[in-house]
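Enquirer: Can you keep this structure in mind? I'll have questions shortly.
Since every read-out is calculated from the coordinates, none of them should be taken as a lab result. On a predicted model such as this, the values are computed, not experimentally measured, just so you know. Cβ: placed from backbone, ideal geometry, glycine included. Neighbour counts: every protein chain shown.
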Amino acid sequence: MGKHPVCRVSELPPGSRRIFEVAGRSIGVFNVGGRFYALRNRCPHQGGPLCLGRLSGLVLAGAPGEHQYSDDGLILRCPWHGWEFDIRTGRAVIDPQKTRVKAYRVTVEPPRAETYPVVVEDQVVYVHL
Ligand code: FES
């Protein structure tokens with residue numbers, strides 16, 4: 001658990017994705033228009049490499065001959081059998097209440113330098129790890 005640094009923002013420009021091994025898990029991190037999302041790279045259907053799939057949008061039909069396109073770049077299609085997931089939530093488009101892939105929170109923060117408290121006693125310096 002905890003947060004894990006994966007890359008610099010400049011290494012993941014808008015429209016790109018990368019797959020990382022984080023604490024033993026394969027996780028895909030996506031930059032969609034400057035917003036970052038992360039999903040487990042394992043499809044809940046048959047374990048396919050979900051995060052290698054194509055990103056697109058959602059086509060909804062209100063009535064015959066009518067359709068509406070939305071969520072451009074936020075719907076991830078598994079490369080094995082085509083199941084689709086919303087990368088914001090990990091929920092499957094076809095059955096959002098029951099089928100989902102793990103979605104992880106992503107934050108962008110300044111790099112953090114590690115510091116340690118130092119105590120000086122009788123001319124001896126100790127570093128406390
Ligand atoms: S393994 Fe992903 S749709 Fe089948």
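Enquirer: With springs only between Cα atoms under 10 Å apart, run a GNM on the chain and tell me which of Gly24, Gly48, Gly82 wobbles the most.
Expert: Gly24
Enquirer: Right, something else. Test of understanding: in a Gaussian network model of the chain with alpha carbons linked when under 10 Å, which of Thr115, Thr107, Thr89 would top the mean-square fluctuation ranking?
Expert: Thr115
Enquirer: Can you tell me the order of 30-43, 90-103, 2-15 when each peptide is scored by its average per-residue count of other Cβ atoms within 10 angstrom, highest first?
Expert: 30-43, 90-103, 2-15
Enquirer: Continuing with this model, one more query. List the residues, sorted by chain then number, that are 5 or more residues from Gly48 or on another chain and whose placed amide H is less than 5 Å from its amide H.
Expert: HN-HN under 5 Å from Gly48: Cys43.
Enquirer: Over the chain, what lengths in whole Å, largest first, do the semi-axes of the equivalent ellipsoid take, defined as the square roots of 5 times the eigenvalues of the alpha-carbon gyration tensor?
Expert: The equivalent ellipsoid of the chain has semi-axes of 41, 16, 12 Å.
Enquirer: Tell me, what ³J(HN,Hα) does each residue in the range 95-103 have, in order and in whole Hz, if you take phi through Karplus 6.51 cos²θ - 1.76 cosθ + 1.60 with θ = phi - 60° and put x for Gly and Pro?
Expert: 8, x, 7, 10, 10, 7, 10, 5, 10
Enquirer: Near the amide H of Ser26, under 5 Å away, which other amide H atoms are found, from residues 5 or more places off or on another chain, if H is placed in the peptide plane?
Expert: Residues meeting the criterion, in which the H sits 1.01 Å from N, are Asn41.
Enquirer: Residue-wise, which Karplus ³J(HN,Hα) couplings in Hz belong to the range 79-87, taking 6.51 cos²θ - 1.76 cosθ + 1.60, θ = phi - 60°, and x for glycine or proline?
Expert: x, 7, 10, x, 4, 10, 9, 7, 6
Enquirer: If you put +1 on each Lys and Arg Cβ and -1 on each Asp and Glu Cβ, how big is the dipole of the chain around its Cα centre, in Debye rounded to 20?
Expert: Dipole magnitude for the chain comes out near 420 debye.
Enquirer: Anyone know which of His45, His81, His67 comes out most mobile in the 10 Å Cα GNM of the chain?
Expert: Between His45, His81, His67, it is His67 that shows the largest mean-square fluctuation.
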